[in-house]
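The values are calculated or read from the model by the stated rules, or taken from the named source; none is laboratory data. Worth saying up front: this structure is predicted, and the values here are computed from it rather than measured. In this analysis, Cβ positions are derived from the backbone assuming ideal geometry, glycine residues included, and neighbour counts consider all displayed protein chains. Areas reflect the complete protein model, heavy atoms only, side chains present, ligands, DNA and RNA absent. Shrake-Rupley method; radii C 1.70, N 1.55, O 1.52, S 1.80 Å.
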Amino acid sequence: MNRTLKRDITDEQMRAYEEDGVVLIRGALDEEWVKRVREAMERCYENPTPWGQNVNAAGTPGRMLFDIYMWTQSPDLRALAFESPLPQIVATFMRSKTVNLL
C-alpha cells in the first residue's frame, strides 16, 4: 500500500482547490487501499456504531451511511487516516505541516 502520493500536486490542482474548495486527485490510493477501505466500509454498514444510521431514503438505489468516530472502531479506517497518503494530501492543500483528525 502506498503511504505517500505517487506524484506531486500541481499548481493547477492547488488553484482549483483554492477557487472551488474541492479537487479530484486520481490515483491517490492504490488498489490495495481501495480494496481495504471497501471491505472496511462493508463491515461498517453491517455493524455501525451506536450513532450510525442509514440515511438513504427508503426505496432509492444505493447506500449512504452516517456514522461518527468510525476510525476509532476500525483498524482499517484508522490506518487510512494515519498511514495512507491522505494526510499528506490534505496538509499540502491546506499549506500546513500538520493535520488534526476530529
Look at Gly21 and say whether it is surrounded by 10 or more Cβ atoms within 10 Å (Cβ to Cβ) and at positive phi.
-> no
Tell me, yes or no, whether the range 43-60 has at least one residue that is touching an Asp or Glu at 6+ places or on another chain (Cβ under 9 Å), free of Cβ contacts under 8 Å to residues at least 24 places away in the same chain and of a type in the set (Gly, Ala, Ser).
-> yes
Filtered residue count, the range 53-102, keeping only those that are of a type in the set (Gly, Ala, Ser) and modelled with pLDDT under 90 = 4
Could you list all residues from the range 46-70 that are open to solvent by less than 70 Å² (accessible area, probe 1.4 Å), of a type in the set (S, T, N, Q) and more than 23 Å from Leu102 (Cβ to Cβ)?
-> Asn56, Thr60
From Glu12, Glu39, Glu46, residue being farther than 22 Å from Arg95 by Cβ, acidic (Asp, Glu) and at pLDDT 95 or above = Glu39
